[in-house]
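Asks: Dropping the structure in here first, questions after.
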Ligand code: SF4
Ligand code: SF4
């Protein structure tokens, strides 16, 4: 019987493949992948950090920030923010 951890690993892999295709599609259509950013409204609650599949969110001073070099623009963090501080 497949364990829950194996199932989560499979879902994570499928998620990454989907994102890779999405990024390729954006680039092929002449678009640009733009990292999400966190505004000064951030209350540093940390709710967004676990939602990021590529660990792009970290604490800096009294708020969270997104590393533009590693953010894949998936948008997963946006809905986790209670004060709507994350934008594309
Ligand atoms: S948009 Fe996706 S990759 Fe970028 S910081 Fe948010 S969760 Fe991470
Ligand atoms: S969820 Fe929103 S308020 Fe909380 S740390 Fe992330 S950006 Fe800041």
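The values are calculated or read from the model by the stated rules, or taken from the named source; none is laboratory data. On a predicted model such as this, the values are computed, not experimentally measured, just so you know. Every residue, glycine as well, gets a Cβ built from its backbone with ideal geometry; the counts of neighbours run over all protein chains shown.
Asks: I'd like to know if region 25-35 contains one or more residues that are part of a loop (DSSP other than H, G, I, E, B), within 14 Å of ligand 2 (Cβ to nearest atom) and either modelled with pLDDT under 90 or not assigned by TED's automatic domain parsing to the domain that holds residue 12 (or both).
Replies: The first filter runs over region 25-35 and keeps only residues part of a loop (DSSP other than H, G, I, E, B), leaving 29-35.
Subsequent filtering for residues that are within 14 Å of ligand 2 (Cβ to nearest atom) retains 35.
Going one step further and asking which of them are either modelled with pLDDT under 90 or not assigned by TED's automatic domain parsing to the domain that holds residue 12 (or both), we end up with 35.
Scanning region 25-35 turns up at least one residue that is part of a loop (DSSP other than H, G, I, E, B), within 14 Å of ligand 2 (Cβ to nearest atom) and either modelled with pLDDT under 90 or not assigned by TED's automatic domain parsing to the domain that holds residue 12 (or both).
Asks: Under 9 Å between Cβ atoms, which residue pairs at least 6 apart in sequence (or on different chains) link something in region 1-12 that is outside the structural domain of residue 53 (by TED's automatic domain parsing) with a partner that is assigned to a loop (DSSP other than H, G, I, E, B) and at pLDDT 80 or above?
Replies: Pairs found: 12/53.
Asks: Being assigned to a loop (DSSP other than H, G, I, E, B), more than 9 Å from ligand 1 (Cβ to nearest atom) and surrounded by fewer than 14 Cβ atoms within 10 Å (Cβ to Cβ) narrows it down to one of 50, 79, 9, 40, so name that one. Spell out how you get there, then give the answer.
Replies: Values: 50 fails: assigned to a loop (DSSP other than H, G, I, E, B); 79 fails: assigned to a loop (DSSP other than H, G, I, E, B); 9 fails: assigned to a loop (DSSP other than H, G, I, E, B).
Exactly one of 50, 79, 9, 40 is assigned to a loop (DSSP other than H, G, I, E, B), more than 9 Å from ligand 1 (Cβ to nearest atom) and surrounded by fewer than 14 Cβ atoms within 10 Å (Cβ to Cβ), namely 40.
Asks: Oh, and also: Taking the residues in region 55-74 that are within 14 Å of ligand 2 (Cβ to nearest atom) and surrounded by 15 or more Cβ atoms within 10 Å (Cβ to Cβ) as candidates, determine which candidate is modelled with the lowest pLDDT.
Replies: Taking region 55-74 as the starting set, the residues that turn out to be within 14 Å of ligand 2 (Cβ to nearest atom) are 55-67, 71.
Now drop any that are not surrounded by 15 or more Cβ atoms within 10 Å (Cβ to Cβ), which leaves 56-57, 63-64, 66, 71.
Values: 56: 93, 57: 95, 63: 96, 64: 96, 66: 94, 71: 87.
Selected residue: 71.
Asks: Could you grab the pairs with beta carbons closer than 8 Å, sequence gap of 6+ or different chains, first residue in region 49-72 and within 13 Å of residue 37 (Cβ to Cβ), second one in a loop (DSSP other than H, G, I, E, B) and more than 9 Å from ligand 1 (Cβ to nearest atom)?
Replies: Listed pairs, sorted by first residue: 63/40; 63/42; 63/43; 63/44; 64/42; 64/44; 64/46.
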